[in-house]
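Read the structure below first, then the notes.
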């Protein structure tokens, strides 16, 4: 059974969903998604882990914000950890991984370990996400569809028609469940969150990530639009030499939403979670890098 919580973060109400029993795992979605992205993963894990799924500000059932910054998303993750109140492994995809990185770099006392799926972790001044073109199309669609009150089926049809790397469409690449779930999430997202990413967060200085807890990054295939490139890996290893890294060839940035890839990705996650479910590892001492 899923329990729904409302978490206060400086006046913003965040949706946090709890399911299962065992060591705590916090799941954080990517840009334009919501807690539903983790439904299949939680179904696999809830028999041995207490799974928490967070809707970031402006997404899903959480409140919209006046503005969207990386630091704001990180504070959402910190608020969720504080609400859980016990050491937890944080798992994040894309924007969710970036948000967790902000918390990990600050050394949150309840962050036990980190598993990140294909996030852009090293931002450079003025740099925009490699998927900016995708987000521009999404923002244009949202302005039209949300203003007209279009039904979710229209979002499904639009999303299914979009190109996916490798010469197929998103409708051909995604599982039917995740296609509809992603479309439902897009129908709810604040377009301002998408536009902040397109702009590249110009009001925030880039910061190199430095993890003080055990961390694994699962990267998608750069040839299929993966965000965590070899350059990203080198930038993170400069400050976190003990980082674990796995590359999943043949799958693009959406990773577990793509047909045929949920099982190997979840298997890798489970191996990491099982290893991290013991006593807290000793934290590394890492200098701050701005």
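Summary of values
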quantity	calculated
Filter result for residue 246 (assigned to a strand (DSSP E or B), surrounded by fewer than 20 Cβ atoms within 10 Å (Cβ to Cβ) and touching a helix residue (DSSP H, G or I) at 6+ places or on another chain (Cβ under 9 Å))	yes
Which listed residue is under 17 Å from residue 190 (Cβ atoms) and either touching a helix residue (DSSP H, G or I) at 6+ places or on another chain (Cβ under 9 Å) or surrounded by fewer than 22 Cβ atoms within 10 Å (Cβ to Cβ) (or both), from 45, 16, 69	69
Condition met for residue 160 (out of contact with any strand residue (DSSP E or B) (no Cβ under 7 Å at 6 or more places or on another chain) and within 22 Å of residue 220 (Cβ to Cβ))	no
Residue in segment 225-233 that is touching a residue at least 12 places away in the same chain (Cβ under 8 Å), buried (at least 17 other Cβ atoms within 10 Å of the Cβ), over 20 Å from residue 136 (Cβ atoms) and over 17 Å from the mean Cα position of the chain (by Cα) present	yes
Among residues of segment 201-224, those that are in contact with a helix residue (DSSP H, G or I) (Cβ under 8 Å, 6 or more places away or on another chain) and part of a loop (DSSP other than H, G, I, E, B), counted	11
Among the residues listed as 139, 147, the single one being more than 30 Å from residue 205 (Cα to Cα), modelled with pLDDT of 95 or more and assigned to a helix (DSSP H, G or I)	147
Single match in 279, 209 (criterion: buried (at least 19 other Cβ atoms within 10 Å of the Cβ) and either modelled with pLDDT under 85 or in contact with a strand residue (DSSP E or B) (Cβ under 8 Å, 6 or more places away or on another chain) (or both))	209
Pairs, first on the phi < 0 side of the Ramachandran plot and without any contact (Cβ under 8 Å) to a residue 12 or more places away in the chain in segment 178-189, second buried (at least 19 other Cβ atoms within 10 Å of the Cβ) and not in a loop (DSSP other than H, G, I, E, B), C-beta under 6 Å, six or more apart	none
Selection count, segment 72-101, where residues are touching a helix residue (DSSP H, G or I) at 6+ places or on another chain (Cβ under 6 Å), touching a residue at least 40 places away in the same chain (Cβ under 8 Å) and closer than 20 Å to residue 227 by Cα	4
Selected residue [at pLDDT 95 or above, touching a strand residue (DSSP E or B) at 6+ places or on another chain (Cβ under 7 Å) and under 18 Å from residue 103 (Cβ atoms)] from 22, 30	30
Complete set of residues in segment 75-91 that are surrounded by 21 or more Cβ atoms within 10 Å (Cβ to Cβ) and over 15 Å from residue 16 (Cα atoms)	89
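The values are calculated or read from the model by the stated rules, or taken from the named source; none is laboratory data. Quick caveat, the model's predicted, so the values are computed rather than measured. Because the Cβ atoms are built from the backbone with ideal geometry, glycine has one as well, and the counts that use them run over all protein chains shown.
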